[in-house]
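For reference, the structure is listed below as structure tokens.
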Amino acid sequence: MVDTTSTQPAETGAAVQASVARLLRWSSRRANRRVLFGPAADDVSPNDVWLLDAVEDNGPVRLSDLASWQGVDKSTITPQVRRLEQRGLLERRTSTSDRRSVMIALSDAGRSLQRHRATAGAALIEELLHDWSPQDRRVFTALFGRFTDRLQAHPVPPVPHNPPDVLDQRVQ
């Protein structure tokens, strides 16, 4: 259990970081992802989910925009998108504003998967919060949304191509 009584920034940061780490660890387990995403998403990786979410949230998007959003090169995102296209979850469309541009959009199957995922995720969260007071649920929803909005907007420094191996660094 995380100590939620501290109001000191460093202690708050450590407590929230520990909670985020537990959330990420929990969601990285295949069985837990099945509960969170529903059985319809059994063969969908977390990265696939993020890509589908980005396309759903932003409407038809350019491949370069998806790559930028993921923080990767266009050559990295292309095979990921192609795989989702081959599974029938994404489709390419010609841009209405520039006939030379190709846009990536959710297919009918992709929209269906997203609906099933949203329903499964909402059901899990409702189950976990069922005994919270309406006030606690409202406050949690507002603060968690505010936190994730801030996190999403926070600039992330680029990762060096050859990051130093932390384990090889010795304190002298």
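Every number in this text was worked out from the coordinates using simple rules, so none of it is lab data. Remember, it's a predicted structure, so these values are computed and weren't measured experimentally. Note that we place each Cβ from the backbone using ideal geometry, even for glycine, and neighbour counts take in every protein chain shown.
Set against the 2.2 N^0.38 Å expectation for a compact globular protein, the chain has a Cα radius of gyration ratio of 1.25. Remark: spin-label model distance GLN135-ARG100 equals 6.1 nm, labels positioned 7 Å along the Cα→Cβ axis.
For the chain, the relative contact order works out to 19 percent when only alpha carbon pairs closer than 8 Å and six or more residues apart are counted.
Model label points for LYS74 and ARG93, set 7 angstrom from Cα along the Cα-to-Cβ axis, are 2.1 nm apart.
For ARG150 and ASN58, calculate 0.36 nm times their separation in residues minus their Cα-Cα distance, and state this gained length in nm to one decimal. Let's see the in-between values first.
Numbers: separation 92, 0.36 × 92 = 33.12 nm, distance 1.84 nm.
Fully extending the segment from ARG150 to ASN58 adds 31.3 nm.
Here r is the Cβ-Cβ distance between ASP108 and ALA21 and R0 is 35 Å; the resulting FRET efficiency, rounded to 0.05, is 0.40.
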